[in-house]
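Working notes, beginning with the structure itself.
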Amino acid sequence: MNKQVLILGGGYGGLLSALTVRKYLKAGEADVTLVNRYPEHQLVTELHRLAAGNVKEQAVALPLEKLLRGQEVRLKIGTAENIDPVAKLVRLADRTTLRYDTLVIALGSETAFFGIPGLAENSFTLKSVDDAKRIRAHLESKLDAYARTKEDKDASIVVGGGGLTGVEAVGELADELPDWCRARGIEPEDIRLYCVEAGPSILAGFPPELVDRARESLESRGVRFVTGQPVTEVRGTEIVLRDGTSIEAGTLIWAGGVQGHPVVSSSGIELSRGRAVVTECLQSVSHPDIFVAGDSAIVLAEDGRPYPPSAQLAWQMGETAGFNIFASFRQTAMKPFRPVMSGTLASLGRRDGVATIGARRIPLKGFPASAMKEASHIRYLSHIKGLFSLAY
Ligand SMILES: Cc1cc2nc3c(=O)[nH]c(=O)nc-3n(C[C@H](O)[C@H](O)[C@H](O)COP(=O)(O)OP(=O)(O)OC[C@H]3O[C@@H](n4cnc5c(N)ncnc54)[C@H](O)[C@@H]3O)c2cc1C
């Protein structure tokens, strides 16, 4: 009987694991099954654009069936609920049980609410296409309401978190909302778009001159930044900050952080802060028949600090895990994970951006940064043979 390779998650880490395993292992050598809760490979890095109505759903939700065509990978749409690393079984929500010889966990991460009272209940997250569509529908309904009532809170939007995700989201909204307003006879100046960040500055980790550039660019389009003020409680539409002040807003989008996936944290494999601890070849340190790719694992950089979770890290981990499964089956040397970090790029809406490029962190701003971001998106699509999504 063929060996069973089971891959959990069809995001950046999972898809690239599947494609890479199949690049090396012939169909007769192993059965490869990929489990994902949606039929699509969702481009999470583009979700803020979908939420702001700047791209169509088909541009960010690519059918896995199409991406895996001809690859001899069995696709199972389902939700993994439990991993039993001793019996080597995975149980799905539909009560199916899948056996594996080698498992890849690439389930991504979940939004972290840090125990802030009322936050989870009263905010929107931005981790899936459904989340993005919910945000868009809600914003449209709030603007419709504002056109009738002129109540400030209907035109007030708070994005919680001034990291990459939060800043990209406000940038996209700052560009798109004026058109939505004009279509409803609302003055764009009536919109109050806030970005609230607990730390002293937005875009932590970016050089100060790029942070200033991002702030100026977004402020010139009406974004109001509140920094050094953690959200301490949310009561309905009232967002309370540490200094006791509050913002009344009908929309709160929470992009304040991520945490380990619950299926991983309850699996019994060795963890650090809810994420799998892996060897340099990306095997679980406690269960070598389990490889982990993407946000589900913690990977340390040369300075001993964990890399921030990112798509570029996830898909390179997927490729290394895929190759190492082949190497372990053939009993040849596995490859240590050595990521190539091309840089960090933050879009600031449709026509602006900031970036640091390469290991020397060369700063870029404006059109060159936007162009780099677009180029890296297209490079990824070309890599997974997903360029068809550019037609939308
Ligand atoms: C709005 C936003 C913007 C971002 N922008 C950038 C950026 O510009 N650059 C960058 O490098 N990074 C960016 N990131 C971070 C990046 O998207 C993540 O680091 C990356 O998606 C991690 O890849 P992954 O494969 O680990 O997880 P994911 O891409 O999240 O894939 C996980 C997969 O597992 C599936 N899944 C989850 N739970 C289950 C389950 N129980 N059963 C079955 N399937 C399940 C999900 O549906 C998904 O398909 C951004 C993140 C967000 C939210």
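The values are calculated or read from the model by the stated rules, or taken from the named source; none is laboratory data. Note that this is a predicted model, so its numbers are computed, not measured. Positions of Cβ are generated from backbone atoms using ideal geometry, with glycine treated the same way; all protein chains shown enter the neighbour counts.
Taking the stated definitions as given, is PHE225 in a loop (DSSP other than H, G, I, E, B) and not assigned by TED's automatic domain parsing to the domain that holds THR320? Against the criterion (in a loop (DSSP other than H, G, I, E, B) and not assigned by TED's automatic domain parsing to the domain that holds THR320), PHE225 does not qualify. One residue stands out among those in the stretch 134-179 that are surrounded by 15 or more Cβ atoms within 10 Å (Cβ to Cβ) and more than 27 Å from SER217 (Cβ to Cβ): the one that is farthest from the ligand (Cβ to nearest atom), which is ALA147.
Taking GLY244 as the residue in question, decide whether it is free of Cβ contacts under 8 Å to residues at least 12 places away in the same chain and either surrounded by fewer than 21 Cβ atoms within 10 Å (Cβ to Cβ) or more than 23 Å from the chain's Cα centre (by Cα) (or both). Answer is yes for this residue.
Among the candidates VAL263, VAL211, VAL277, single out the residue that is in contact with an Asp or Glu (Cβ under 6 Å, 6 or more places away or on another chain), surrounded by 14 or more Cβ atoms within 10 Å (Cβ to Cβ), modelled with pLDDT of 95 or more and among the β-branched types (Val, Ile, Thr). It would help to see each step written out before you state the result.
On the way: VAL263 fails: in contact with an Asp or Glu (Cβ under 6 Å, 6 or more places away or on another chain); VAL211 fails: in contact with an Asp or Glu (Cβ under 6 Å, 6 or more places away or on another chain).
Selected residue: VAL277, the only one of VAL263, VAL211, VAL277 that is in contact with an Asp or Glu (Cβ under 6 Å, 6 or more places away or on another chain), surrounded by 14 or more Cβ atoms within 10 Å (Cβ to Cβ), modelled with pLDDT of 95 or more and among the β-branched types (Val, Ile, Thr).
Look at the stretch 128-155: where a residue is of a type in the set (Phe, Trp, Tyr) and a partner is modelled with pLDDT of 95 or more, sitting 6+ places away or on another chain with Cβ atoms under 6 Å, you get TYR146/ASP154; TYR146/ALA155.
Go through the stretch 76-89 and count every residue that is buried (at least 16 other Cβ atoms within 10 Å of the Cβ), within 9 Å of the ligand (Cβ to nearest atom) and β-branched (Val, Ile, Thr). The qualifying residues number 1. Here is the figure for the stretch 240-298: residues that are in a loop (DSSP other than H, G, I, E, B) and of a type in the set (Lys, Arg) total 2. When ARG182 is tested against the conditions (1) within 16 Å of the ligand (Cβ to nearest atom); (2) without any contact (Cβ under 8 Å) to a residue 24 or more places away in the chain; (3) more than 30 Å from LEU6 (Cα to Cα), the lone failure is (1). Picking from residues in the stretch 341-388 that are basic (Lys, Arg) and within 13 Å of the ligand (Cβ to nearest atom), the one that is nearest to VAL55 (Cα to Cα) is LYS373. On the given criteria, is GLU72 more than 21 Å from LEU313 (Cβ to Cβ), modelled with pLDDT of 95 or more and away from the ligand (no atom under 11 Å from the Cβ)? Taking the combined requirement at face value, the residue satisfies it.
Assess whether ALA51 counts as being out of contact with any strand residue (DSSP E or B) (no Cβ under 6 Å at 6 or more places or on another chain) and at pLDDT 95 or above.
Working: out of contact with any strand residue (DSSP E or B) (no Cβ under 6 Å at 6 or more places or on another chain): yes; at pLDDT 95 or above: yes.
So ALA51 passes the test.
The set of residues from the stretch 1-57 being within 23 Å of the chain's Cα centre (by Cα) and small (Gly, Ala, Ser) comprises GLY9, GLY10, GLY11, GLY13, GLY14, SER17, ALA18, ALA51, ALA52, GLY53.
For the stretch 299-317, the candidate set comprises residues that are in contact with a strand residue (DSSP E or B) (Cβ under 8 Å, 6 or more places away or on another chain) and outside any loop (DSSP other than H, G, I, E, B); within that set, the residue that is farthest from the ligand (Cβ to nearest atom) is LEU300.
For the criterion of being more than 30 Å from ALA51 (Cα to Cα), touching a helix residue (DSSP H, G or I) at 6+ places or on another chain (Cβ under 6 Å), crowded, with 21+ Cβ neighbours inside 10 Å and not basic (Lys, Arg), ALA321 passes.
Within the set of pairs 6+ apart or on separate chains, which have a first residue in the stretch 310-327 that is under 14 Å from GLY343 (Cβ atoms), a second that is aromatic (Phe, Trp, Tyr) and within 13 Å of the ligand (Cβ to nearest atom), and C-beta atoms under 7 Å apart? That search, which allows pairs on different chains as well, returns ALA311/TYR12; LEU313/TYR307. Of the residues making up the stretch 328-338, at least one is surrounded by fewer than 21 Cβ atoms within 10 Å (Cβ to Cβ) and in contact with a Lys or Arg (Cβ under 7 Å, 6 or more places away or on another chain).
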